[in-house]
Ligand code: ADP
Ligand code: ADP
C-alpha cells in the first residue's frame with residue numbers, strides 16, 4: 001500500500017517579478033511502513049516537498065494523496081483536520097510549549113482533536129520514547145535529545161498515518177542524534193510507522209530504507225539501503 005503519493009507536483013513561489021520553481025514535476029510514492037530520507041542541497045525543494053505532502057502548503061499543480069485521499073484540492077478547514085488527525089510533524093527546533101510539562105505537551109494534540117486526555121495513554125507514549133520518568137519536567141529541564149523525544153511522542157499520540165521529520169537531528173550532537181534516529185528506526189520496525197525525514201546528514205539518512213536526492217526541484221536519484229547498513 002502507498003501511504004503518500006505525489007503525482008506531477010509543481011510548486012512555484014513568486015518573489016516580486018521572479019518565479020521560483022521549488023518543485024518541478026515530482027512524482028513518487030512512499031510505501032506504508034517505509035522510512036524515507038530526503039536529501040539534496042539547500043534550496044533544492046526538500047522543505048517544500050515535506051510541507052506540501054503534510055498539508056502545510058499547497059502545490060501549484062499536481063496531486064498529493066495521503067492514505068488514498070487527494071489532499072491537493074482540500075480547502076483549509078479540511079487540511080487543518082488532516083494535519084490534526086492524520087499527520088505527525090517534528091522539527092529541528094523541537095517546538096515544545098515551554099510553560100507546559102512533557103506530559104502536557106504530549107496531551108496537546110488530543111485536546112486539539114477534542115478528545116479527553118487519557119493519562120495512561122500519555123504515560124505510554126512517553127514510556128515508548130524512554131521518558132516515562134520525565135513526565136512532569138518542563139522543556140528547559142530536559143536535554144535536547146529528551147526534548148526531541150517528547151516532540152516525537154507528541155507527534156505520534158494521535159497515531160498518524162505519516163510522520164514527517166524536518167531535520168530532526170539538526171540541533172543535536174552526534175551521540176544524541178543517533179539515539180533519536182535509533183528510536184525512529186524502532187518505531188518504523190515495530191509499528192510500521194511511515195516516516196519521511198529531511199536531512200543533510202548522511203549518517204541520519206543511513207537509518208532509512210530509501211534515500212531520495214532532490215536537485216533543482218526534481219528527484220535526481222533514489223537509493224535503496226541495505227537494512228544491515230554498518231553505520232546504524
Ligand atoms: P530546501 O528545503 O531544500 O532548502 P526549500 O524547499 O526550502 O529547499 O526551497 C526551495 C526553493 O524555493 C528555494 O529557492 C527557496 O528559496 C524557495 N522558497 C521556499 N519557500 C519559499 C517561500 N515561502 N517564498 C518564496 N520562495 C520560497
Ligand atoms: P530549509 O533549508 O530547512 O528549507 P530555509 O531557511 O530555506 O530552511 O527555509 C525556512 C522556511 O522559510 C521554510 O518554511 C521555507 O519555505 C521558507 N522560505 C525559504 N526561502 C524563502 C524565501 N525566499 N522567501 C520566503 N520564505 C522562504
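Overview of results
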| quantity | calculated |
| --- | --- |
| In the stretch 1-17, the residues that are at pLDDT below 95 and either assigned to a helix (DSSP H, G or I) or within 13 Å of ligand 2 (Cβ to nearest atom) (or both) | 14, 15, 16 |
| The stretch 189-225, residues that are at positive phi and touching a helix residue (DSSP H, G or I) at 6+ places or on another chain (Cβ under 9 Å) | 217 |
| Selection status of residue 56, touching a strand residue (DSSP E or B) at 6+ places or on another chain (Cβ under 6 Å) and either outside any strand (DSSP E or B) or without any contact (Cβ under 8 Å) to a residue 24 or more places away in the chain (or both) | no |
| Condition met for residue 189 (assigned to a strand (DSSP E or B) and free of Cβ contacts under 8 Å to residues at least 12 places away in the same chain) | no |
| Some residue of the stretch 168-182 being within 16 Å of ligand 2 (Cβ to nearest atom) and part of a strand (DSSP E or B) | no |
| Filter result for residue 196 (at pLDDT 95 or above and either buried (at least 22 other Cβ atoms within 10 Å of the Cβ) or part of a helix (DSSP H, G or I) (or both)) | yes |
| Qualifying residues in the stretch 31-53 (those that are under 13 Å from the mean Cα position of the chain (by Cα) and in a strand (DSSP E or B)) - the one nearest to ligand 1 (Cβ to nearest atom) | 38 |
| Subset of the stretch 59-69 (residues that are crowded, with 17+ Cβ neighbours inside 10 Å, within 16 Å of ligand 1 (Cβ to nearest atom) and in a strand (DSSP E or B)) | 62, 64 |
| Residues that are touching a residue at least 12 places away in the same chain (Cβ under 8 Å) and outside any helix (DSSP H, G or I), drawn from the stretch 70-86 | 71, 72, 74 |
| Subset tally (residues that are away from ligand 1 (no atom under 16 Å from the Cβ) and either within 14 Å of the chain's Cα centre (by Cα) or within 22 Å of residue 122 (Cβ to Cβ) (or both)) for the stretch 144-181 | 23 |
| Some residue of the stretch 18-30 being free of Cβ contacts under 8 Å to residues at least 60 places away in the same chain and either surrounded by 16 or more Cβ atoms within 10 Å (Cβ to Cβ) or assigned to a loop (DSSP other than H, G, I, E, B) (or both) | no |
| Among the candidates 32, 48, 60, residue that is within 11 Å of ligand 2 (Cβ to nearest atom) and at pLDDT 95 or above | 48 |
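The values are calculated or read from the model by the stated rules, or taken from the named source; none is laboratory data. Quick caveat: nothing in here was measured; it's all calculated off a predicted structure. Using ideal geometry, Cβ is built from the backbone for each residue, glycine included, and neighbour counts are taken over all protein chains shown.
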